[in-house]
Structure formats: structure tokens, C-alpha cells
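Okay, structure first, notes after.
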Amino acid sequence: MIRAAFADPPYLGCGQKHYGALHPQAADYDDPRTHHRLIQRLCDEFDCWALSLHEPSLATILKMCPGGVRVGAWVKPFAAFKRNVTRAWTWEPVIFSFSPARSRSVEQDTWRDHLSEPIAMRKGFPGAKPERFSFWVFEGLNLQPGDDFHDLFPGSGAVGQAWAKWRRAQEPAEQFTLGMEVET
Ligand SMILES: C[S@@+](CC[C@H](N)C(=O)[O-])C[C@H]1O[C@@H](n2cnc3c(N)ncnc32)[C@H](O)[C@@H]1O
């Protein structure tokens, strides 16, 4: 079992603006030092982790990370367009710190370092992640159902729900079939 985390904090400079009404310390994430402390925590407390951020903060935040991290891309074929934004932001970086204990074997499907998936249509919660995004993160980290996974900024709860669903989907086919038989 490994200890894994996904961190989806307010993006640098967006704390007060997007989450001020939802969390009393949201403005802390407008300060790069808060992101630095978060990255230190991820490195100290977890065997592997993934961190969501936005492209404007990538240069600043990548410098805070240890060597060997990998930047993945969540590409958004459907994204919100704003009239005054003439070069749309249609992707978000995700920084991955993989565990050496979880290198992928050649028998496993090759994981891609990008995902093309529209933004979540979960109205009412800014920054909620779509289910396929979470699955992509779990597979990138090469998690197993028994791992100790922590969603550090749950927000809508979408990532935790995806973890529960993904774990169930990893169960052996016989068990799943048995479960179906009991239900019918
Ligand atoms: C990008 S959202 C997380 C979205 C989540 N991954 C989802 O799929 O719904 C960031 C979350 O961090 C919370 N937050 C803001 N400031 C915080 C702080 N200082 N400490 C902990 N959480 C904070 C916000 O209220 C929000 O729920």
C-alpha cells in the first residue's frame, strides 16, 4: 500500500476571487509561499502525488517542485470562452510526482501524459474535476485499490467519488459478476 495525494488548491492568484465566499483562508493561496508549503507537505507526507494548477502559474510553481516531477496536460476541448479573452486558456497542467515503487510494467496499458476531456458540467462548484480527469490521475500514479488516497481539497467531492468508483472497477471480474447476480 502506498500513500498518495491529489492536491487541487485554489490556483495562484485565484484564491479570494473564486473561493473567498467558500473558505475563510482562500486568500492564502494568492501568496506563492502557501503553494510552496503545500508542495513541501506533499513531498514530506506522501509517496506519490499530483497537483493541479493553471498555466499562468506553471513557471512559478514548477520551480518549487523537486527534480523528476512530470508535467501532464489536461486539454479541454470544451471550455468557457470569455469575450475579452482573445487567446483562450484551454488546458491545465498537472504536476505528477510518481512513486518509484509504482513504475508501470510493460503488461499495463501505456499511460498518456495528456487527457482530452471537457470541463465538468457540475454547476455551482468552481473548479470541480470531471470523472475521467480523476481516473487519468489515478492511472498516472499507478494506484491500486488498497492504496491510502487523500483528496486534499475535496470541494464538490467529485474526486473522492471518482476514487470510490475507480476502486470498485478494479475488482476482479468474478466478484463483479457475483455482485450483479446477487442484485438480480
Ligand atoms: C479547485 S477547488 C477544488 C475542487 C475539487 N477538486 C472538485 O473536484 O470539486 C479548491 C478548494 O479549496 C478550498 N479552499 C480554499 N482555500 C482553502 C484553504 N486555505 N485551505 C483549504 N482549502 C481551501 C475551496 O473552498 C475549494 O473547495
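The values are calculated or read from the model by the stated rules, or taken from the named source; none is laboratory data. A quick note: this is a predicted structure, and the numbers were derived from the prediction, not measured. No Cβ is skipped: glycine too gets one built from the backbone with ideal geometry, and neighbour counts run over all protein chains shown.
Among the conditions (1) surrounded by 10 or more Cβ atoms within 10 Å (Cβ to Cβ); (2) assigned to a loop (DSSP other than H, G, I, E, B); (3) polar (S, T, N, Q), the only one that Asn84 does not satisfy is (1).
Any chance you could count how many residues in the range 141-164 are free of Cβ contacts under 8 Å to residues at least 60 places away in the same chain, surrounded by 20 or more Cβ atoms within 10 Å (Cβ to Cβ) and either in contact with a helix residue (DSSP H, G or I) (Cβ under 6 Å, 6 or more places away or on another chain) or over 20 Å from Asp109 (Cα atoms) (or both)? Number of matching residues: 2. In the condition set (1) aliphatic (A, V, I, L, M); (2) outside any strand (DSSP E or B); (3) modelled with pLDDT of 95 or more, Ile95 is compliant with all but (2). Looking at the range 122-183, the helices (runs of 4 or more DSSP H) lying wholly inside it that each contain 3 or more residues that are at pLDDT 95 or above sit at 131-140, 158-169. Within the range 101-126, residues that are within 16 Å of Ala79 (Cβ to Cβ) and touching a residue at least 60 places away in the same chain (Cβ under 8 Å) sit with their Cβ atoms under 8 Å from residues that are of a type outside the set (Gly, Ala, Ser) and not in a loop (DSSP other than H, G, I, E, B), at 6+ positions apart or across chains, in these pairs: Pro126/His18; Pro126/Tyr19. Only residues that are part of a loop (DSSP other than H, G, I, E, B) and touching a strand residue (DSSP E or B) at 6+ places or on another chain (Cβ under 8 Å) were counted across the range 106-121, and they come to 2. Quickly run through the range 1-59 and pick out the residues that are more than 11 Å from the ligand (Cβ to nearest atom), part of a loop (DSSP other than H, G, I, E, B) and either among the polar types (S, T, N, Q) or closer than 24 Å to Val75 by Cα (or both). If the condition is that a residue be more than 11 Å from the ligand (Cβ to nearest atom), part of a loop (DSSP other than H, G, I, E, B) and either among the polar types (S, T, N, Q) or closer than 24 Å to Val75 by Cα (or both), then Leu12, Gly13 are the ones that fit.
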